[in-house]
Amino acid sequence: MEPIPETVDALREMTRFGDDTVARTLLQISRSVELVVPEVVGVSLSLIADNLTFTMTATTGPVAELDAMQYLAGGPCDDTLHTGELHTFRGDDADDEERWQLFARATAAAGVESTLSLPILRDGVVVAGVNLYASTADAWDGHHEEVARACGAWVGGAVKNADLDFTTRFQAAQTPDRIRSETDVDMAVGVLMSRWEVSIDEADQRLRDAAQRAGISDAQVARVILGLFVESPIEEREDDLD
C-alpha cells in the first residue's frame with residue numbers, strides 16, 4: 001500500500017519538524033496488517049490531538065473519502081475514537097447498513113465490503129484510531145486479536161509536535177481546488193441543507209470539518225456527496241448525525 005498524495009504532503013511537513021513517528025507507524029501498521037489480512041485495501045490512522053487522518057491505500061479507490069463520510073455522518077471509526085471500543089462493519093449486515101446509512105452507501109459504491117476499527121490507547125486514554133478497509137465481507141473474521149496486536153505496536157504515543165497547526169496549511173492547499181470546484185461545493189452544501197434540515201452555515205461547516213479531518217479537499221468530499229445523493233438519490237433521510 002502507498003500513502004495518498006495528501007498524506008505524503010502532511011508526513012513530509014511533519015518530518016521537516018523532526019518527527020517521523022506517524023510515518024513509521026503508518027507504514028508498520030500497513031505492512032503488519034497486510035500479512036494477516038491480504039484482502040486489506042486501505043488503512044487510515046486518525047490522531048485525536050491533531051484532528052487529522054493519514055491514509056494508505058492499495059487501490060485507486062476513495063479510502064480517504066470514506067473516512068470523510070464517517071466524520072460527516074457517523075461510522076465505525078468515528079465511534080471507536082469516541083468510545084475506545086473495537087467496531088466492525090459488514091456491507092451485508094442490515095443492522096450496520098441501518099446504523100451508518102451514509103457510510104454504508106459510500107462503502108458499497110467504493111467496493112469495500114467490510115471494515116475493522118480499533119482504538120490506540122496511551123495510559124488508558126484513546127489517542128488515535130485505526131480504520132481498516134477490506135474487499136471481502138469476512139476478511140476480519142477470526143483475526144481481531146492478531147490485527148489489534150499489529151496496530152498496537154505504536155510505541156511513540158501521540159505526535160511529539162502536537163502543537164503543529166495543520167489546519168491553516170490544509171486550508172491553504174484546498175483554496176485553489178475550492179475555487180475551481182465552487183459549483184460542486186455549493187451544490188453539496190445544498191444537498192446537506194435539504195436532507196438534514198440545517199442552515200447553509202452549518203452544512204458548509206460540516207463539509208469543511210469532514211474534509212479537514214480526512215485530510216482531503218472540500219471539493220473531494222463534495223463530489224462524493226453529489227455522487228451518492230444527486231446521481232443516485234435515496235428515498236430516506238439520514239437522521240444519524242448527532
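Footprinting exposure proxy ranking of Ser32, Ser114, Ser194, fewest other C-beta atoms within 10 angstrom first, gives Ser194, Ser32, Ser114. Relative to one another, the C-alpha centroids of the range 189-220 and the range 84-143 are positioned 22 Å apart. Note on Asp209, Asp123: ascending count of other Cβ atoms within 10 Å places them as Asp123, Asp209, the fewest first. For the range 216-222, backbone phi angles converted through the Karplus equation (6.51, -1.76, 1.60; θ = phi - 60°) give residue-by-residue couplings of 10, 7, 4, 5, 5, 5, 4 Hz, Gly and Pro being listed as x. Could you tell me which of rounded, prolate or oblate describes the range 8-72, using a ≥ b ≥ c as the square roots of the eigenvalues of the alpha-carbon gyration tensor, with rounded for a/c under 1.5 and, failing that, prolate when a/b is larger than b/c and oblate otherwise? It is oblate, given that a/c is not under 1.5 and a/b is not larger than b/c. The label-point distance for Leu35 and Glu85, in a model that sets each label 7 Å from Cα toward Cβ, rounds to 3.1 nm. The simple spin-label model puts a point 7 Å past each Cα toward its Cβ; for Asp209 and Ala148 those points are separated by 3.0 nm.
Where a number appears in this text, it was derived from the coordinates with a stated rule and is not lab data. As the structure is a prediction and not an experimental result, all values here were calculated from the model. Glycine also receives a Cβ, built like all others from the backbone with ideal geometry; neighbour counts cover every protein chain displayed.
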